[in-house]
Amino acid sequence: MIRQLPPTAAPIRTNDLIFGLWAGTRGSQPRKRFETVLREYFGSAGCYAVESGRTALRVIMEVLKSDSTLGKRTQVILPAYTCPVILTVIRDAGLTPVLCDITLDTMDFDEVRLMELVNSMTLAVIHVHPFGLPRNIDAISTITNSVGACLIEDACQSMGAVIDNRKVGTRGVFGFASFGPGKPLSLGGGGVILVNDPKWIAPFEMVTDQHDGLFSLNQAGMLESAMTWGRVAVLKLIFSPIGWWLATRLGLQRMGDDPRYQGYKLNWLSSSQSGIGHRALDHLERLNTHRHQAGHRLNVELSNVPGIRLFSMPLSGKPIYLRFPFLVENLERREALFKQLWSAGLGVGKVYQKPLDDIFPDLPRGPYPAAYYIAQHLLTIPTHPYVQDWDIKKMVDVIQQY
Ligand SMILES: Cc1ncc(COP(=O)(O)O)c(C=O)c1O
């Protein structure tokens, strides 16, 4: 059958794509408009649309470094199991990454370890909401504040997830989200910086307005903007069941792991992507509702399958399940499940197969037992709008059977 579900997908409407073509001729105006609707969406004091989630984090790091007191600190704490590019950005900013183990139950920081790691050199703690799961922030926030460090929420995989009636990304001093391929709102690339504490707006604008060549953001010209539009159009085709079938036959699905595609530029979001984003934002709720319902059903149906472990959900949280994560206790069974789900075209994924100290061997070695366990035992299955009821039934049948 010519059908392979992608692990994640965020279909863009053709009308929105066409609108992006026109927006591409309008300079920085579409970005400013997109930022206005993003501010309304998140309720943040400031929203700034940039070239990627990486760019967003880099700018936040530069803003923190520019602060006369905080700027003397050099350490940034992040989970030992997460997206490796976060660590690269911390290093690019000349700062020292410090890994903290997570828990098997939540995939969130192990609070006891975090308490041991924070000190007067901690500049920031990056709290990640993985796979669309909103993670509790209160304890992490208290620990971060106890040493006067800054809490940054990484909502790259979770835009639209809610906890305590607030969207994730909006309770840290800063937050950021990504519009990269496979993200909740995908513009083929892009990111947004959320400035949640108004006192940081002025320093933020000072850093990003610098024109002395030390640090400044550029707005892509018309040609570059047209190229970003082309990328959105191609990815729209690839992130569909037929497109993904073809891409996996050509090995294109591994392109994201290639270091050549992991760089980032210090650019604002292009005008065509901003135009598409502006229109696509009101479609996000519908995409997230589909993901939430599929994830909820999987959570219920897999909750009593022996040998399968699910992640806990805070009572006050509403996940968007960008992809549904679960742990398979037996490693041989995990391989068997991966093969079966893959050959049935069901979009199974293995994500970050190593903890960060294995990917960056110059870092101090663990132990990070939970990060190791999750890296080896995790699988994800898709929840996006191409996933039909019968796909979910097949996923559950395969997981129960093998
Ligand atoms: C948790 C997390 N943080 C940050 C990023 C970086 O976002 P971008 O790819 O837009 O630079 C990603 C992207 O995969 C991510 O998954």
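The values are calculated or read from the model by the stated rules, or taken from the named source; none is laboratory data. Here the structure is a predicted model, which is why all the values come from computation and not from measurement. FYI the Cβ positions are ideal-geometry reconstructions off the backbone, even for glycines, and counts take in every protein chain you see. Side chains are part of the model used for accessible areas, which takes the heavy atoms of the whole protein and leaves out ligands, DNA and RNA. Shrake-Rupley method; radii C 1.70, N 1.55, O 1.52, S 1.80 Å.
Checking each residue in the stretch 350-391 for being among the charged types (D, E, K, R) and open to solvent by 30 Å² or more (accessible area, probe 1.4 Å) picks out 350, 354, 358, 362, 365, 389.
Considering the stretch 190-201, and only residues there that are in contact (Cβ under 8 Å) with a residue 40 or more places away in the chain and open to solvent by 10 Å² or more (accessible area, probe 1.4 Å), the residue that is nearest to residue 156 (Cα to Cα) turns out to be 196. Only a single item in (1) polar (S, T, N, Q); (2) free of Cβ contacts under 8 Å to residues at least 24 places away in the same chain; (3) out of contact with any strand residue (DSSP E or B) (no Cβ under 6 Å at 6 or more places or on another chain) is not met by residue 103, and it is number (2). In a residue-by-residue description of the stretch 220-229, the property of being within 20 Å of the chain's Cα centre (by Cα), among the charged types (D, E, K, R) and at pLDDT 90 or above applies to no position.
Set side by side, the residues 33, 39, 58 differ, and just one is open to solvent by 30 Å² or more (accessible area, probe 1.4 Å), within 16 Å of the ligand (Cβ to nearest atom) and farther than 21 Å from residue 143 by Cα, which is 58.
Filtering the stretch 61-98 to residues that are open to solvent by 40 Å² or more (accessible area, probe 1.4 Å) and either among the acidic types (Asp, Glu) or in a helix (DSSP H, G or I) (or both) leaves 65, 67, 72, 88, 91, 92.
Residue-wise test of (1) at pLDDT 95 or above; (2) out of contact with any Asp or Glu (no Cβ under 7 Å at 6 or more places or on another chain); (3) of a type in the set (A, V, I, L, M); (4) more than 19 Å from residue 284 (Cα to Cα).
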| residue | (1), (2), (3), (4) |
| --- | --- |
| 20 | yes, yes, no, no |
| 48 | yes, no, no, no |
| 53 | yes, yes, no, no |
| 69 | no, yes, no, yes |
| 77 | yes, yes, yes, yes |
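Exactly one residue out of 182, 172, 160 is within 10 Å of the ligand (Cβ to nearest atom), among the small types (Gly, Ala, Ser) and in a loop (DSSP other than H, G, I, E, B): that is 182.
Taken together, the residues in the stretch 259-312 that are among the hydroxyl-bearing types (Ser, Thr, Tyr), assigned to a loop (DSSP other than H, G, I, E, B) and open to solvent by 20 Å² or more (accessible area, probe 1.4 Å) amount to 3.
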